[in-house]
Amino acid sequence: GGGMERGVLIAAGMGVGVGASGRRKEGLRVTHLRGNPMSVPKKTAISGVAGGLAGSTVGVLLHPIDTIKTMMQVGKHANKGFFECGIQAVRQNGVLGGLYAGCGASAFGSFFSSALYFGTYETMKTYWNAVLPCHMAGLTASLAAVTGNAVSSLIFVPKEVLKQRCQVGQAAAGQSALSLVKTIVREEGVGAMYSGYFATLLRNAPGAMLKFGIYEQMKVFIKRTLKRDVSPKEHFAAGMTAGCFSSAIMTPLDVVKTRLMTGSVRPSFPLVAMVEIAQKEGVAALWSGFMPRLVWSATFFAVGMSAYELALTTVLQVTEGEAVYDMAWYPMMSSSDPSTCVFLTTSKDTPVHCWDAFTGQPRGSYCAYT
């Protein structure tokens, strides 16, 4: 029989004699079965839509926190307290005009940038898994995340420029997002819509490697410790933990990004801008907005990854010959190593079937005979 990989070793744990090489042993007959595979484009589209919906929804819910974070990092509100900035924003412009400034443009842009991010992540995870040597398989998720960030930044950066300028009061009363874009392009040029692009990449690329690296390792730890699959609550907790670590470390670059996007510092290389801010305002200025950023970033990542995992779990399809009696996941599987992502099914009068949990394709089937 063909298509057997090391994932079929789970069969040995259930009393079926399959060797590490996947070759047939005495007392075992290997056959084939039908499968309904999910193509990479379909999986990319599904993960993109799921990530986009999660990104825009969380963006709207947490927008007030993001507004306060931006105010704390730039302008006359820089280095002020969380509640002080929030109260002042409401007093000056009301709840909608203050705390929710730029929310519409942010939600619209977040859907497409998040969809592009998660769609690219899913595609590139398959690519990196194919080209990386076995001893570097643990880097698959991190490299896919970096690639996703680089591509999605083409939409993310203009969205952030528009949103943050609204948040710090650079939009005139009643001015629409489209009108503000026209004003920025007319007065500062098209390049102004990509201010802070390199600062965004410097923040997001290592941040993504940290987040996804920690996230995947936590999933592996949970599976190995509890000997079962990761629950939705555990996905969320792993996402929160990874998001907290990453956002805490990358806060100085986030401050630089915000100031470059709002025109609060002269255009320069991000590290040069960081040194200038530290010299003029002290090192503490690079950690402005630390707590609201921590809450926003960690929650955003946790919800996004939970929706992503749920979407891929929900749409996985396989076609069995008859009613399934029982099934079991490989307890040590990790999405960073697709060869471990398998599960078994059993049904009446048919072999034990081993399925690929990523594609829904069969890895092999086994039944005892005398």
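The values are calculated or read from the model by the stated rules, or taken from the named source; none is laboratory data. Since the model is a prediction, treat every value here as computed from it, not as a measurement. Backbone-built Cβ (ideal geometry, glycine too); neighbour counts: all protein chains shown. SASA here: full protein model, heavy atoms, side chains in, ligands and nucleic acids out. Shrake-Rupley method; radii C 1.70, N 1.55, O 1.52, S 1.80 Å.
Would you please name the chymotrypsin sites (Phe, Trp or Tyr not before Pro) within segment 238-303 that are DSSP coil residues with at most 11 other C-beta atoms within 10 Å of their C-beta? Walk me through the numbers before you get to the answer.
Numbers: sites: F245, W287, F290, W296, F300, F301; in loops: none.
For chymotrypsin sites (Phe, Trp or Tyr not before Pro) across segment 238-303 that sit outside H, G, I, E and B with at most 11 neighbouring Cβ atoms in 10 Å, the list is empty.
Could you order the peptides 88-94, 360-366 from most to least packed, using the average number of other C-beta atoms within 10 Å per residue?
Listed from highest to lowest mean packing, they are 360-366, 88-94.
Among G109, Q279, L226, whose Cα projects farthest towards the positive end of the dipole of segment 40-315, with charges put on the beta-carbon of Lys, Arg (+1) and Asp, Glu (-1)?
L226
Roughly how many debye, to the nearest 20, is the charge dipole of segment 40-315 about its Cα centre, given +1 on each Lys and Arg Cβ, -1 on each Asp and Glu Cβ, and no other charges?
Roughly 180 debye, rounded to the nearest 20.
Residue separation times 0.36 nm, minus the C-alpha to C-alpha distance between E188 and V95: what's the value?
30.5 nm
For F221 and K280, calculate 0.36 nm times their separation in residues minus their Cα-Cα distance, and state this gained length in nm to one decimal.
Numbers: separation 59, 0.36 × 59 = 21.24 nm, distance 4.44 nm.
Full extension of this stretch gives 16.8 nm more.
Sorting L139, L253 by accessible area (1.4 Å probe), largest first, what list results? Before the final figure, lay out each step's value.
Working: L139 70, L253 25 Å².
I get L139, L253, largest accessible area first.
State in Å² the accessible area per residue of segment 56-180; use a 1.4 Å probe, count heavy atoms of protein chains only, and round to the nearest integer.
I get 43 Å² per residue for this part.
Could you pull out the pairs from K125/K233; K69/K159; K69/K223; K219/K257 whose alpha carbons sit more than 28 Å apart here? Display every interim value, and only then the final one.
Numbers: K125/K233 24 Å; K69/K159 16 Å; K69/K223 36 Å; K219/K257 31 Å.
Listed pairs above 28 Å: K69/K223; K219/K257.
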